[in-house]
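Asks: The structure's right below; bear with me while I get my questions together.
The values are calculated or read from the model by the stated rules, or taken from the named source; none is laboratory data. Because the structure is a prediction, the values reported are computed rather than measured. Note that we place each Cβ from the backbone using ideal geometry, even for glycine, and neighbour counts take in every protein chain shown.
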Amino acid sequence: MIRALALSLALAACATSARAQDAMSPFAPLIGCWRGAFESNAEIHDERCFELMLGGRYVRDTHFVRPTTYGGETIYFVDAQAGAVAFTYYASDGGVSRGLMRAEQGALVFDAHTYVGADGATQRMRSRWAIEGPDRFVVTTEVEREGAWQPWGRITYSRTR
């Protein structure tokens with residue numbers, strides 16, 4: 001009886017792990033490092049790296065906006081309660097945001113979420129990451145102002161490794 005229970009728990013853990021890895025598979029084309037050019041300012045760029053962690057159940061995404069000191073880290077994971085991939089973003093200025101991501105044909109779509117700054121100020125935002133090939137993806141971000149979505153920025157990334 002104890003063996004059967006242990007085997008059942010082990011099989012359930014394997015199934016959960018496989019589902020988590022499948023849910024994280026939309027990130028597979030992004031694993032590695034990238035450099036992103038801001039459409040609105042060629043002098044600023046974003047250096048970003050994606051890596052699998054903890055057996056592929058999580059993805060870590062670190063970025064640094066150069067030549068500034070701003071950066072951040074995002075951890076993506078399967079939120080079993082939400083039935084979706086969730087993320088938590090930690091910014092170097094003390095801000096944090098949490099939300100959900102879904103994969104759509106050739107894109108990662110980040111639903112509307114709220115960024116909360118270290119001072120408590122909030123900003124609603126959403127974005128779409130269009131994967132245009134093995135060495136290029138484009139991030140388009142919008143912010144909500146007075147109840148309407150408005151363009152915030154567009155960054156085109158090229159693979160560096």
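Asks: Among the residues of the range 89-112, write down those that are within 21 Å of residue 131 (Cα to Cα) and either among the basic types (Lys, Arg) or in contact with a Gly (Cβ under 9 Å, 6 or more places away or on another chain) (or both).
Replies: Within the range 89-112, 89, 102, 110, 111, 112 qualify.
Asks: What's the total number of residues in the range 122-150 that are polar (S, T, N, Q) and at pLDDT below 95?
Replies: Final tally of qualifying residues: 0.
Asks: Output the number of residues of the range 38-79 satisfying the condition of being out of contact with any Phe, Trp or Tyr (no Cβ under 8 Å at 6 or more places or on another chain) and either of a type in the set (Asp, Glu) or touching a residue at least 60 places away in the same chain (Cβ under 8 Å) (or both).
Replies: Count: 6.
Asks: Within the range 103-121, track down each residue that is surrounded by 13 or more Cβ atoms within 10 Å (Cβ to Cβ) and either in a strand (DSSP E or B) or at pLDDT below 95 (or both).
Replies: Answer for the range 103-121, where residues must be surrounded by 13 or more Cβ atoms within 10 Å (Cβ to Cβ) and either in a strand (DSSP E or B) or at pLDDT below 95 (or both): 103, 106, 107, 108, 109, 110, 112, 113, 114, 115, 116.
Asks: Kindly evaluate residue 25 against the criterion of being closer than 26 Å to residue 92 by Cα and modelled with pLDDT under 95.
Replies: no
Asks: Okay, next question. Return the only residue of 43, 51, 73, 47 being part of a strand (DSSP E or B) and modelled with pLDDT under 95.
Replies: 43
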